[in-house]
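The values are calculated or read from the model by the stated rules, or taken from the named source; none is laboratory data. Note that the structure is predicted; figures quoted are calculated from it, not measured. Glycine gets a Cβ as well: all are built from the backbone with ideal geometry, and neighbour counts include every protein chain shown.
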Amino acid sequence: MAVGKLDNELGGEVVRLRAELAAQERALRAKEEEFGRYISRLREALRKEKRQAEVVSRSYVAAVRALTNAVEARDAYTGKHAERVAAYGLELATLIDPELAADPETEFGFLLHDVGKVAVPDAILHKPSALNREEMGLMRQHPVTGFEIVSHIDFLDGNAQRIVRYHHERWDGEGYPDRIKGRDIPLAARIFAVADTLDAITSDRPYRSGASIADARREIALGSATQFDPEAVDALMAVPDDILERIRTETALTSTAAPA
Ligand SMILES: [Fe+2]
């Protein structure tokens, strides 16, 4: 009898333990499923956030392009000047400071450098002869006007703002509007000055054909440590011809219309 009772008690205990184990397994599965759902929700939230960030980023790019086009539309003979300068500038920036090149504001600033020209009267902007002192004064206001325009735009309040304000400063302090010199000029603006001159020398104008890239290299080298930051000039020398030629060709003049 005693053995039978013990068997019954052991059997009961095994059943109870099995039931307890099954309950623990069910609880564990439920927790795993809950965790799986949590991970899915997290992934979906991240995907949504990424999509929203991409929409915002595309909106920024579209806004900058629209503003750039509005500026360039008044200056038909320069074609895609801003686009070319931005491409040249990014090549130089990548060699000097890859982090600066990767900052979207750097490209935005390169594209928008002349946004302040919206305030320059057509008669001055398109004057075929040399500007007089007063007209030159108005023209030289465009970096400050541009700076004021972009300073109201949150996503342009860093490098973009600095490029717009300082893109006509010179390494030797003889530029404008603030006549700052050397490394006081933000790096992106020093790089821009070289890219801008490269484009000015190599672009066709109604009154002359653009010079070769080799000629532009020689001319810019002459301005190293006076007009230009030597480091930016060295970077230009390090960019292969075929890259510069490709930029020049891909963003070739789209309109040969004379200035209105
Ligand atoms: Fe300018």
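Taken over the stretch 74-116, residues that are part of a helix (DSSP H, G or I) and either within 16 Å of the ligand (Cβ to nearest atom) or surrounded by 24 or more Cβ atoms within 10 Å (Cβ to Cβ) (or both) amount to 20.
Counting only helices (runs of 4 or more DSSP H) that fall entirely inside the stretch 144-223 and contain at least 1 residues that are modelled with pLDDT of 95 or more and within 15 Å of the ligand (Cβ to nearest atom), the qualifying elements are 159-166, 187-202. In the stretch 145-162 there is no residue matching the filter, namely being surrounded by fewer than 16 Cβ atoms within 10 Å (Cβ to Cβ) and closer than 18 Å to Asn69 by Cβ. Condition check for Ala119 on (1) within 16 Å of the ligand (Cβ to nearest atom); (2) closer than 30 Å to Arg246 by Cα; (3) surrounded by fewer than 16 Cβ atoms within 10 Å (Cβ to Cβ): one failure, at (2).
Please go through the stretch 122-134 and pick out each residue that is more than 15 Å from the ligand (Cβ to nearest atom) and assigned to a helix (DSSP H, G or I). Scanning the stretch 122-134 gives Asp122, Ala123, Arg133, Glu134.
Is it true that Gly137 is buried (at least 16 other Cβ atoms within 10 Å of the Cβ) and either within 16 Å of the ligand (Cβ to nearest atom) or at pLDDT 95 or above (or both)? The answer is no for Gly137. Only residues that are over 26 Å from Val150 (Cα atoms) and among the small types (Gly, Ala, Ser) were counted across the stretch 39-61, and they come to 2.
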